[in-house]
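The values are calculated or read from the model by the stated rules, or taken from the named source; none is laboratory data. None of the values given here were measured: they were computed from a predicted structure. Backbone-built Cβ (ideal geometry, glycine too); neighbour counts: all protein chains shown.
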Amino acid sequence: MSDSPVNDAPCRLIDDVVFGRGVVVHAFTNLYGCSIGDGTRIGTFVEIQRGATIGARCKVQSHTFVCDGVEIHDEVFVGHGVMFVNDKRPRATNDAGELQTTADWALQRTVVESKASIGSGAVILGGVRIGTGALVGAGAVVTRDVAPGETVAGSPARLLAANRA
């Protein structure tokens, strides 16, 4: 493991990150408290939060947000501007009118299995599993699990094809 990416780029916030070998991180990224596997490439304007994990040989394209509770396995493609969500009922304040803290909400975990692909602009709601080799179409809103090999698209995402080769 390494404590830094293999490339140099300006304007990066990197704090408490575990890097595999050969990781490339482009400029204008925020990475903190996460882990990134061997040979993965992180694009410009990406944020990966504390508690997220990215596997080996993944591509995370520009303008993507990966929040706490997201586990991305090996060889996954994440397109431009993909948003992961980890809270099913987001609120700014609690019942007392105070800003919420971690005690006021439940983290929804999301898993993206190996060799899945997520198209640009997709929104992945918390608590779902995207199966091995699945394909999520650009702009899709994924509200429930996607089985291995399935292709889904739309809002909400619906099955287009099963058992993609």
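Observations on the structure shown:
- Yes/no for ASP95 being over 24 Å from ALA9 (Cα atoms) and without any contact (Cβ under 8 Å) to a residue 60 or more places away in the chain: yes
- Any hit, the stretch 105-123, residues being surrounded by fewer than 19 Cβ atoms within 10 Å (Cβ to Cβ) and over 24 Å from GLY55 (Cβ atoms): yes
Let's see how each residue does on (1) at pLDDT 95 or above; (2) over 30 Å from ALA106 (Cβ atoms); (3) among the small types (Gly, Ala, Ser):
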site	(1), (2), (3)
PRO10	no, yes, no
CYS34	yes, no, no
ALA52	yes, no, yes
ASP68	yes, no, no
ILE72	yes, no, no
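- Residue count for the stretch 35-61 under the criterion of being hydrophobic (A, V, I, L, M, F, W, C), in a loop (DSSP other than H, G, I, E, B) and either out of contact with any Cys (no Cβ under 9 Å at 6 or more places or on another chain) or under 12 Å from PHE19 (Cβ atoms) (or both): the result is 4.
- Test: residue in the stretch 67-87 that is touching a helix residue (DSSP H, G or I) at 6+ places or on another chain (Cβ under 7 Å), over 17 Å from ILE36 (Cα atoms) and without any contact (Cβ under 8 Å) to a residue 40 or more places away in the chain: no
- Considering the stretch 115-165, the residues that are modelled with pLDDT under 95 and touching a Gly at 6+ places or on another chain (Cβ under 6 Å) include one that is farthest from VAL60 (Cα to Cα), namely ASN163.
- The residue that is farthest from ILE118 (Cα to Cα), among those in the stretch 53-64 that are without any contact (Cβ under 8 Å) to a residue 24 or more places away in the chain and surrounded by 20 or more Cβ atoms within 10 Å (Cβ to Cβ), is ILE54.
- Counted residues, the stretch 1-26 - those being charged (D, E, K, R) and assigned to a loop (DSSP other than H, G, I, E, B): 4
- Only listed residue being on the phi > 0 side of the Ramachandran plot, assigned to a loop (DSSP other than H, G, I, E, B), within 16 Å of the chain's Cα centre (by Cα) and surrounded by fewer than 19 Cβ atoms within 10 Å (Cβ to Cβ), chosen from GLY139, GLY97, GLY149: GLY139
- Number of the exception - LYS59 against (1) more than 15 Å from ALA122 (Cβ to Cβ); (2) over 10 Å from the mean Cα position of the chain (by Cα): (1)
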